[in-house]
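A.B. asks: Got a structure here, written out as structure tokens. Questions coming.
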Amino acid sequence: MLRRLFLRAPTSYRQASHAYYFAPQLSARVPPPAAHSLSITRFLCSSSSSQVPDGTSVEHVEDDVNLSASPPAATISIDRSGLYNSPEHSHEPSPDSELIKHLKSIIKFRGGPISVAEYMEEVLTNPKAGFYINRDVFGAEGDFITSPEVSQMFGEMIGVWAMCLWEQMGQPNKVNLVELGPGRGTLMADLLRGASKFKHFVQSLNIHMVECSPTLQKLQYINLKCEDENNTDGTVDKKTFSLLAGAPVTWHAALEQVPSGVPTIIIAHEFYDALPVHQFQKASHGWCEKMVDLAEDSTFRFVLSPQPTPATLYLMKRCKWAATEELAKLDQIEVCPKSMELTQTIAKRISSDGGGALIIDYGLNAVISDSLQPNPTCQAIRKHKFVNILDDPGSADLSAYVDFASIRRSAEEVSGDVSVHGPITQSQLLGALGINFRVEALLQNCTDEQAESLRTGYWRLVGEGEAPFWEGPEEQVPIGMGTRYLAMAIVNNRQGVPVPF
Ligand code: SAH
């Protein structure tokens, strides 16, 4: 994921050593902020501070310088004449990891290859050895960095969006604030700190974290400054509260487990790109699914299915949503059934309970072609470098471009009570929510070091390409991702059009 903001610089972005100034054209790249209610302007001047555990200190700047599933896999006989291998595949003789043994045993037990989607799902979320399951993979010391880790302003702006929606919802007394795939919990922590002055809003919140990784759940607990309720009878389940907002926090493995019947705001940042994708390739006899098999030397390799697989149903569905001219250009297509299903769950929930969802990810508003080659969109990233996805599975992140057009169609298909807005670029979203005001307010009163961190963070979030104001080492130039990340909202029609779509 860029995946996530693909790092060039090895330093933590919330800490920096030199001061730089915005080039005059910098703000011109960001659309002018829209006018907002007084409450939002006040929010932009609010303050925050946090400390990420695990020894990585994350510095928050304050205004007053008071710093502180895929379908069941069928058994498929394989036409091995259509095989191809990635040229960069590594053959280092190292003992198989637990995950590699597991993947090999699935393929052997099936007597045939597995889909790329099944491979991706095992690699990322296998309950014992998946990439996310046992470790903190974020930040400069991890494998990749995400927008919330770049700057506190990201979570704060998402908080502005959530508060605007809550106002459009009529300021309900109870709201489920759900985050899908919260990583370290940084986005939610920054959102709550920023929103904490808006008592009525934070008092309405029930926070729900949908997270499959026990390790990350623990990190989220710490970062949200959670405490368990002090109940004396010991007979009922203890509630957990975030001291950042005084709001109850609950963890779930899936969105379906979040209690329904309450208006709901859902945030999904870099969640969709972790959902497993199926890949198809056009062959002389039609579309074949790309599968992962074992070569004779016991390494993984790609093969093509000789005939349609169960996932072809999703391919057909996706193709129906596309224009003939769009499809004619493609000889590879990627589909994400889990994304379609998740979107339908979101749309149904919003339709029945009211509220809305904000989805932000690296993607396209079109059919996705091949995530793997030649220009990687489904990427494996380890220690900030792209690696082959079949190479040492489980040690690197896998991510796929998100197909926003498919998300729109999936939501619209399931309910007429919801409307879909966007995608717009992340730069447009954050600009209209007021990130320019926020960065200026924070810059009023900060050290040179913090100023540099704010400026480079701002650029990474809303800029495009290399920062023109950068005077530091070339290999550390901040890369703006403001136009490569897209944002889409799904809201209940009762809420009208969400800000700033
Ligand atoms: N939103 C965070 C983290 C993105 S990484 C950020 O922007 O920093 C993806 C997150 O989704 C991780 O927390 C990962 O553990 C979680 N995740 C991935 N697949 C999941 C699944 N199927 N169910 C629940 N959580 C999942």
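The values are calculated or read from the model by the stated rules, or taken from the named source; none is laboratory data. Because the structure is predicted, anything quoted here is derived from the model rather than measured. For neighbour counting, all protein chains shown are included, and Cβ atoms are generated from backbone atoms with ideal geometry for every residue, glycine included. For the accessible areas, the whole protein counts, side chains as well, though only heavy atoms, and no ligand, DNA or RNA atoms are used. Shrake-Rupley method; radii C 1.70, N 1.55, O 1.52, S 1.80 Å.
A.B. asks: Restricting things to alpha carbons, find the Rg to Rh ratio for segment 408-495 using the Kirkwood radius for Rh.
C.D. replies: Radius of gyration relative to Kirkwood radius: 1.15.
A.B. asks: Classify segment 267-379 as rounded, prolate or oblate, taking a ≥ b ≥ c as the square roots of the eigenvalues of its Cα gyration tensor: rounded when a/c is under 1.5, otherwise prolate if a/b is larger than b/c and oblate if not.
C.D. replies: prolate
A.B. asks: Any idea what Rg and Dmax come out to for segment 285-346 if you just take the C-alpha atoms, in Å?
C.D. replies: Taking only Cα atoms of segment 285-346, I get Rg and Dmax of 14.4, 44 Å.
A.B. asks: How do 154-163, 278-287 rank on mean C-beta neighbours within 10 Å, highest first?
C.D. replies: Ranking the peptides 154-163, 278-287 by packing returns 154-163, 278-287.
A.B. asks: Something else now. Quickly work out the residue 94-to-residue 238 label distance, labels modelled 7 Å from Cα along the C-beta direction, and quote it in nm with one decimal.
C.D. replies: 3.9 nm
A.B. asks: Also, I was wondering about something else. Report the net charge of residues surrounding residue 363, where surrounding means a beta-carbon distance below 10 angstrom and charges are Lys +1, Arg +1, Asp -1, Glu -1.
C.D. replies: After counting each charged neighbour, the total is -2.
A.B. asks: Label segment 331-371 by shape, choosing from rounded, prolate and oblate, from the square roots a ≥ b ≥ c of the eigenvalues of the Cα gyration tensor; if a/c is under 1.5 it is rounded, and otherwise prolate applies when a/b is larger than b/c, oblate when it is not.
C.D. replies: Prolate is the answer for segment 331-371, as a/c is 1.5 or above and a/b outweighs b/c.
A.B. asks: Here is a follow-up. Would you tell me the accessible area of residue 97, worked out with a 1.4 angstrom probe on the heavy atoms of the protein chains, in Å² to the nearest 10?
C.D. replies: Rounded to the nearest 10, that gives 40 Å².
A.B. asks: Between residue 324 and residue 345, what FRET efficiency follows from the Cβ-Cβ distance if R0 is 35 Å, with the result rounded to 0.05?
C.D. replies: 0.70
A.B. asks: Where does the charge balance sit around residue 337 when Lys and Arg score +1, Asp and Glu -1, over other residues with C-beta under 14 Å from its C-beta?
C.D. replies: -3
A.B. asks: Taking a probe of 1.4 angstrom, what is the accessible area of residue 226 in Å², to the nearest 10?
C.D. replies: Its heavy atoms expose roughly 20 Å² to the probe.
A.B. asks: For the peptides 126-133, 429-436, what is the packing order when you average, over each peptide's residues, the other Cβ atoms within 10 Å and list the highest mean first?
C.D. replies: Going by the mean number of other Cβ atoms within 10 Å, highest first, we get 429-436, 126-133.
A.B. asks: Rounded, prolate or oblate: which fits segment 398-449 when a ≥ b ≥ c are the square roots of the eigenvalues of the alpha-carbon gyration tensor, with rounded for a/c under 1.5 and prolate only if a/b beats b/c?
C.D. replies: prolate
A.B. asks: To continue, here is another question. Local charge sum around residue 252 (other residues, Cβ-Cβ under 11 Å, Lys/Arg +1, Asp/Glu -1)?
C.D. replies: Summing Lys and Arg as +1 and Asp and Glu as -1 gives -3.
A.B. asks: Where Rh is the Kirkwood radius over the Cα pairs of segment 161-310, the temperature 25 °C and the viscosity 0.890 mPa s, what D in µm²/s does Stokes-Einstein return?
C.D. replies: Taking Rh from Cα pairs, D becomes 134 µm²/s.
A.B. asks: Rounded to the nearest percent, how much of the accessible area of segment 152-284 (1.4 Å probe, protein heavy atoms only) is carbon and sulfur?
C.D. replies: 51 percent
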